[in-house]
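Q: One structure is given below, represented as C-alpha cells, and several questions about it will come after.
Rule-based calculations on the coordinates, nothing more; no lab input. Because the structure is predicted, anything quoted here is derived from the model rather than measured. Heads up, the Cβs are rebuilt from the backbone with ideal geometry, glycines too, and the neighbour counts pull from every protein chain shown.
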C-alpha cells in the first residue's frame with residue numbers, strides 16, 4: 001500500500017534538475033513532514049497536487065490544456081483530494097481532462113517538482129495559495145482527445161512551440177528534461 005512515507009521516500013530519491021527545483025523539493029518535503037492535511041484542497045496556505053506532462057506516441061509533442069479559471073496553457077493536473085499516491089492523481093487528471101483513457105506512465109518515478117502560486121478564487125471562496133506540484137511523464141497511444149469542462153481547449157504542441165508559448169518560462173525545465181531524455185534514448189513511433 002502506498003503511504004505518505006512512500007511519497008516522501010520517492011521525493012527524497014528525486015534528483016533536482018537545478019537550484020530552483022532543489023528549493024521546490026525542500027519545500028514539498030517540509031510540507032509533507034509538517035502538515036497532516038497536505039493532500040486536502042482546503043489546506044491553506046497550500047497543498048499537494050499532481051500533474052501529468054503528456055507526450056504523444058512518438059514523443060515529439062506535448063498535449064496541453066488551456067485552463068478556464070487560470071486562462072493559460074498548462075499541463076494536466078489537479079488536487080489530490082486526500083489521495084496519497086500522487087501518481088494516481090496525475091493519471092486520473094490527465095484522463096479526465098483529456099478524455100483519453102489510453103495513457104500510460106512513460107516513467108513511474110517523479111519527472112518534475114514545482115511550487116507555484118494560485119490566485120484567489122472568490123467563486124470557490126479560496127484564498128491565494130500554493131500548489132506543491134509533483135509531476136509525472138505520461139505517454140498517450142493516440143492523438144485524439146476530448147475537451148473537458150475545465151478547459152477552453154486542448155492542443156498538441158511541439159517542444160519548440162511550447163517554449164514560445166510560455167513567456168514566463170513556465171515549461172522550460174520540463175522541456176529541457178524531455179529533450180535530454182529524447183537525446184539519451186530516442187522513442188520509436
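Q: Assess whether residue 31 counts as being outside any strand (DSSP E or B) and either under 25 Å from residue 152 (Cβ atoms) or more than 17 Å from the chain's Cα centre (by Cα) (or both). Outline the logic, then answer.
A: Values: outside any strand (DSSP E or B): yes; either under 25 Å from residue 152 (Cβ atoms) or more than 17 Å from the chain's Cα centre (by Cα) (or both): yes.
So residue 31 passes the test.
Q: Looking at 78, 82, 71 in this structure, which one is under 19 Å from residue 152 (Cα atoms) and surrounded by fewer than 19 Cβ atoms within 10 Å (Cβ to Cβ)? If you could, list the steps in order and put the result at the bottom.
A: Values: 78 fails: surrounded by fewer than 19 Cβ atoms within 10 Å (Cβ to Cβ); 82 fails: under 19 Å from residue 152 (Cα atoms).
It is 71.
Q: Which of the residues spanning region 58-80 are farther than 17 Å from residue 136 by Cβ and either touching a helix residue (DSSP H, G or I) at 6+ places or on another chain (Cβ under 6 Å) or not in a strand (DSSP E or B) (or both)?
A: Result: 58, 60, 68, 69, 70, 71, 72, 73.
So that you can scan it fast, the table gives a plain yes or no per residue for (1) in contact (Cβ under 8 Å) with a residue 40 or more places away in the chain; (2) within 26 Å of residue 18 (Cα to Cα); (3) surrounded by 15 or more Cβ atoms within 10 Å (Cβ to Cβ):
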| residue | (1), (2), (3) |
| --- | --- |
| 99 | yes, no, no |
| 103 | yes, no, yes |
| 113 | yes, yes, yes |
| 123 | no, no, no |
| 127 | yes, no, no |
| 133 | yes, yes, yes |
| 139 | yes, yes, yes |
| 152 | yes, no, no |
| 164 | no, yes, no |
